[in-house]
Amino acid sequence: MNRRTFSKNTIAGSIALGLLPNNLLGNTLTADIGESDIKDYLSKLLYTKKEVDDWFANKAFPFAKYYGEFGWLLNNASFRDGVNSSTCVYTYAEDDGERIMSNYKEHACRINTYGNSFTQCHQVSDHETWQEILAAHLQEPVRNFGIGGWSVYQAYLRMLREEKRKPGKYIIFNIYEDDSYRNLDSWRNIRRRKHPQFIEPTLPYCKVDLKNQQLTECKNPCPTPESVYDLCSINETYELFKDDFVLHTMMTHEMSKDENSSLKYKEIMNLTQTHGIETQLDTNSTISEIASEYHKRCALFSTKKIIEKINAYCKENEKTLLFVLSYPARYIAQSFASNRRWDQELIDFMSEKGLPCIDLYNAHISEFEQYNIEMTQYLEKYYIGHYNPRGNFFCSQAILEKLIKILTPEPRPYKKKQ
C-alpha cells in the first residue's frame, strides 16, 4: 500500500526554511492515504469514453482542443460571455493557435505576447484585446500567443517553440495570480472539476524540491490522443497519479475535514523527501493549513525558477523582455482590504532581480485612489470575470509607457521629425 508522510522528525527543516512558526509543536498526527483512498478520490474525476470521444469530435467541451505537447489549444468559438451579456468571437490561427491579428497584420511583427487567459483576452472579441489596442496605437502588429487556463510553465514552453517559428525581438510575458499553482498541476481536474465547456485535461508540469531548491520539468502524462482514454480507467489513472503532489495535497484537505476523533493521521504524503517541507502536526485544521502552505511555497518557487529560465533565454537570444503581472478583481479587493498580497514573495523576487515588470495591481490601486468610490464599484468598471473592453484598454495603457521606452527604433507615432 502506497503511503505518504508528514513525519515526527520533520519540524526542524520546516522552521529552518521559515515556512512554519516555532509554536507548531505538539502531538504528531498521522493520516493513512492508501491505494483505496486514492482510487476513491480519482474515481470521481474519471472521464467516460463518450466524453473523450465527443471532445475529440468537437461535440463537447468546446473551449479547448487536445494538443499533446502543451495539453490543449483553443477552438474557434462564439460564447455569450462578453460585456452586457454580449457574444464574443474567438478566432485562432490553424497552424499554431495564435489569436488572429487585425491591426497592421500585413507588417512585420517584433512584439510577441505569452501567457494565459489574461493574455488570450477571454471575454472580449478578437479585435478588442489589449494587444490590438496597443497595435492600433503603435501602428505595428502585436502577436497574441495566450491560452486560457495555461500555467507559467506551459507559456514558457510555447515561447521556446514559437520564437523559432515566429521570432519577436520583444517578449511580453504575462503571469496571472493562479498560474503559479498551475505549474504543479499534472491533471487540472485534480484541482478543478470538469466544466461543461472545458474538460481540464492533463498538461506538462513541474515538480519542486524546496529543500534542495530544485525544479524538475515533466512532460504531459497523456502525450497522445490514445493515452487520454487512460483517464477513463481507474487502474490506469491510479498508476499515473498515485504519487502526484497536488493529488495528495487535495486529499489532505479532504481528510482534514473528517471529525472522527478516533482518526489518527499517519503518513499523509512524502512531502518531506519530495518537497523538502518538514513539521509536526497537532490538529486537523493545522494539517490543512500546512498543506496549503506547502502548496503555495512550491507554486511560487516554481514560478521563480521558470522566470529565471525565461530571462536567461531572452538574454541568450538577444531579446528584450517585459513581464506583466495580472490579477482578478477578487485578488485586488482582498489585497487592498488586508494590505497584504499572498504572492509578495514573487513580487519581491522580481524586484530584487531587477526584472522589468508591469504590476497591474499597483496600476489599479494608483488609479482607484484618485476616485471617491467603493472598491467594488471601481472594479466593476473593468472586470466581468476577466477584463471587459475597458479593462483591456486599461491594461494596454499600463503597459504602453514602459513598452515605448524599450522599443528600438521607436514606433512610428513616436519617431522624431527629421
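Just so you know, all these numbers are worked out from the coordinates, no wet-lab data involved. The model shown is predicted, which means the values in this text are computed figures rather than measured ones. Cβ atoms come from the backbone with ideal geometry, glycine included; neighbour counts cover every protein chain shown.
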task = Once you've got the GNM for the chain with C-alpha springs shorter than 10 Å, pick whichever of Met375, Met101, Met159 has the biggest mean-square fluctuation.
result = Met375
query = Residue by residue through region 107-123, which ³J(HN,Hα) values in whole Hz follow from phi under the Karplus form 6.51 cos²θ - 1.76 cosθ + 1.60 (θ = phi - 60°), with glycine and proline marked x?
reply = 8, 4, 10, 10, 10, 10, 10, 10, x, 10, 5, 6, 8, 4, 6, 5, 6
task = For the chain, just list the percent of Cα-Cα distances falling in each 20 Å bin from zero outward, please.
result = 25, 55, 19, 1, 0
task = Only Lys, Arg, Asp and Glu count, each charged at its Cβ (+1, +1, -1, -1), so figure out the dipole size of the chain about its Cα centre, rounded to 20 debye.
result = 920 debye
task = Taking a cut-off of 21 Å between Cα atoms, list the lysines near Lys402, but don't count ones fewer than 8 places away on the same chain.
result = Lys169, Lys315, Lys319, Lys353, Lys415, Lys416
note = For Lys353, the net charge from surrounding residues (Cβ-Cβ under 13 Å; K, R +1; D, E -1) works out to 0
request  = Would you mind giving the three semi-axes, in whole Å and largest first, of the ellipsoid equivalent to region 126-216 according to its Cα gyration tensor?
outcome  = 28, 19, 11
key: Rounded to whole Hz, the Karplus (6.51, -1.76, 1.60) HN-Hα couplings of region 371-384, x for glycine and proline   = 9, 10, 9, 6, 4, 4, 5, 4, 5, 4, 5, 10, 10, 10
remark   = With a ≥ b ≥ c from the Cα gyration tensor eigenvalues, square-rooted, and the rule rounded for a/c under 1.5, otherwise prolate when a/b > b/c and oblate otherwise, region 68-187 is oblate
ask   = Rounded if a/c is under 1.5, else prolate if a/b is larger than b/c, else oblate: which is region 84-133, with a ≥ b ≥ c the root eigenvalues of its Cα gyration tensor?
value = prolate
message = Checking the a/c ratio against 1.5 first, then a/b against b/c, what shape does the Cα gyration tensor give for region 30-95?
response = prolate
key: Separation of the Glu239 and Arg193 label points, Cα + 7 Å toward Cβ, nm   = 2.9 nm
message = Given points 7 Å out from each Cα along the Cα-Cβ axis, report the Glu308 to Asn75 separation in nanometres with one decimal.
response = 4.1 nm
ask   = What is the P(r) of region 283-388, as percent of Cα-Cα pairs per 10 Å bin from 0?
value = 12, 35, 31, 20, 3, 0
Stokes-Einstein D (µm²/s) once Rh is taken as the Kirkwood radius of region 328-383 over alpha-carbon pairs, at 10 °C in 1.306 mPa s = 129 µm²/s
key: Set of aspartates and glutamates with alpha-carbon distance to Lys257 below 13 Å, sequence-local pairs under 8 removed   = Glu289
task = Would you grab the residues whose amide H sits under 5 Å from the one on Lys65? Only those 5+ places off in sequence or on another chain, please, with H modelled 1.01 Å from N.
result = Leu73, Leu74, Asn75
key: Simple spin-label estimate for Trp342 and Thr91 in nanometres, 7 Å along Cα-Cβ   = 3.8 nm
Expected 222 nm ellipticity per residue - DSSP helices of 4 or more, -39500 (n - 2.57), all of the chain, to 500 = -12000 deg cm²/dmol
message = For region 344-418, take the convex hull of the Cα atoms, compute a quarter of its surface area, and give me that in nm², please.
response = 7.4 nm²
task = Given the options Ser117, Ser186, Ser338, state which has the largest fluctuation in a GNM of the chain using a 10 Å cut-off (strictly under) for Cα springs.
result = Ser338
key: Eligible aspartates and glutamates near Lys50 by straight Cα distance, threshold 19 Å, same-chain separation 8 or greater   = Glu200, Glu226, Asp230, Glu236
request  = At a temperature of 37 °C and a viscosity of 0.692 mPa s, determine how fast region 173-265 diffuses translationally according to Stokes-Einstein, using the Kirkwood radius over alpha-carbon pairs as Rh; express D in µm²/s, rounded to the nearest whole number.
outcome  = 217 µm²/s
